[in-house]
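Take a look at the structure set out below.
The values are calculated or read from the model by the stated rules, or taken from the named source; none is laboratory data. Note that this is a predicted model, so its numbers are computed, not measured. Ideal geometry is used to build each Cβ from the backbone, glycine not excepted, and the neighbour counts take in all protein chains shown.
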Amino acid sequence: MTISAADIRLVQQSFDRLRADFDTHSTFFYEALFCRAPELRRYFRDDLEGQGMKFMTTLGVIVQKLEDESQIAEHYMGLGRLHAALGIHVADFAPMEEALIDTLRNALGEGFTPELDAAWRRAYAVVSGNMIQRGGIDG
């Protein structure tokens with residue numbers, strides 16, 4: 001899957017609007033994730049606030065470099081390998097995607113348009129696909 005320059009701009013601009021309150025948004029993300037897939041809770045440390053900041057920071061790095069995969073290829077590999085070592089499977093990425101979309105919809109309200117939803121889903125497909133492939137995550 002590829003992502004267009006227009007999609008990248010939309011994703012980057014919308015992510016910038018989340019920066020003002022990473023704590024709230026990351027907490028919402030994990031609540032949405034564990035509501036959708038409670039079995040995934042075991043993969044995360046007890047300190048979800050710290051985990052959330054790490055997640056949002058990592059997501060920010062990836063979002064800012066979406067236009068140049070070579071800049072983040074090793075990042076994808078490292079993240080993929082980490083997730084594989086934790087026991088994350090390909091199927092676990094679906095509830096993560098939906099939790100991310102729920103978080104964006106909650107944070108951006110009416111600003112989360114169908115166009116933005118589609119752009120984020122394409123970006124997520126690129127990021128998760130790279131993590132799965134480069135990290136050797138099992139199906």
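Residues in region 48-89 that are under 12 Å from the mean Cα position of the chain (by Cα) and β-branched (Val, Ile, Thr): 57, 58, 61, 62, 63.
Only residues that are touching a residue at least 60 places away in the same chain (Cβ under 8 Å) and outside any loop (DSSP other than H, G, I, E, B) were counted in region 85-117, giving 14. Within region 21-53, the set of residues being within 15 Å of residue 94 (Cα to Cα) and not in a helix (DSSP H, G or I) comprises just one member, 37. For region 64-114, what are the residues that are in contact with a Gly (Cβ under 9 Å, 6 or more places away or on another chain), crowded, with 16+ Cβ neighbours inside 10 Å and of a type in the set (Gly, Ala, Ser)? Across region 64-114, the qualifying residues are 80, 84.
Of the candidates 92, 23, the single residue that is farther than 24 Å from residue 115 by Cβ and either over 14 Å from the mean Cα position of the chain (by Cα) or among the aliphatic types (A, V, I, L, M) (or both) is 23. In region 39-51, the residues that are loosely packed, with under 10 Cβ neighbours inside 10 Å reach residues that are in a helix (DSSP H, G or I) and at pLDDT 80 or above with C-beta atoms within less than 6 angstrom, at least six apart or across chains, in these pairs: 45/51.
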